[in-house]
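For reference, the structure discussed in these notes is given below.
The values are calculated or read from the model by the stated rules, or taken from the named source; none is laboratory data. From a predicted model like this one, the values you see are computed outputs, not experimental measurements. Counting neighbours? That spans all protein chains shown, and the Cβs are built from the backbone with ideal geometry, glycine included.
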């Protein structure tokens, strides 16, 4: 259950990062409101998950989902540049997160 919270928190991190861009420096109301909701949800779920999980692997999964998800979303929906190096780099982030997870969370 704790890992499910981390995964949802990571997806919410993607949401708050995208909304941060769409808010244009907090000058647009609804993306700013969405940013606040996603950020509070993401940090809240991560906090709950850390009651049961080691901080290193949980944080790595959370940030990995957020970073990879945001980059992928940007390339698909926001017109971010797509390159082979970017795809390989996102893949390496995912592999690194999986490796950290497999390296020995005791719970």
Go through the stretch 1-14 and count every residue that is under 19 Å from residue 71 (Cα atoms) and surrounded by fewer than 21 Cβ atoms within 10 Å (Cβ to Cβ).
3
Can you list residue pairs whose Cβ atoms sit under 8 Å apart, with the first residue in the stretch 44-62 being within 16 Å of residue 96 (Cβ to Cβ) and the second being at pLDDT 95 or above and in a loop (DSSP other than H, G, I, E, B)? Count only pairs 6 or more apart in sequence or on different chains.
58/50
